[in-house]
Amino acid sequence: MDKNNALRAGSVAAGTTLMMLLLSSPALAFSDDGEDPGQGLSVMETVGLFVAAPVGLFLLIVGLVMVLDKSRKQT
């Protein structure tokens with residue numbers, strides 16, 4: 001892929017993402033329809049759920065790919 005195509009693809013992706021963010025409605029708006037949102041998450045629970053879990057899952061997948069890779073010749 002040459003530079004122009006890469007730049008075009010990046011611009012389209014960035015523009016699409018920006019438009020989706022600007023046009024989406026607030027996801028956390030409280031509506032008075034009898035919902036009880038419950039207790040919020042603590043800082044540690046939030047970091048664990050949204051940072052540590054995805055990083056751990058990524059590292060697990062990378063490790064499995066490296067261990068199960070058969071394209072390299074073992075000596």
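The values are calculated or read from the model by the stated rules, or taken from the named source; none is laboratory data. Computed from a predicted structure; not experimentally measured. Cβ sites come from the backbone with ideal geometry, for glycine too, and all protein chains shown count toward neighbours. Surface accessibility is based on the protein's heavy atoms, side chains included, excluding ligands, DNA and RNA. Shrake-Rupley method; radii C 1.70, N 1.55, O 1.52, S 1.80 Å.
For first residues located in segment 46-70 and in a helix (DSSP H, G or I), partners that are open to solvent by less than 90 Å² (accessible area, probe 1.4 Å) and lie 6+ apart or on another chain with Cβ distances below 7 Å do not occur. In a residue-by-residue description of segment 32-47, the property of being in contact with a helix residue (DSSP H, G or I) (Cβ under 8 Å, 6 or more places away or on another chain) and either loosely packed, with under 10 Cβ neighbours inside 10 Å or at pLDDT 85 or above (or both) applies to at least one position.
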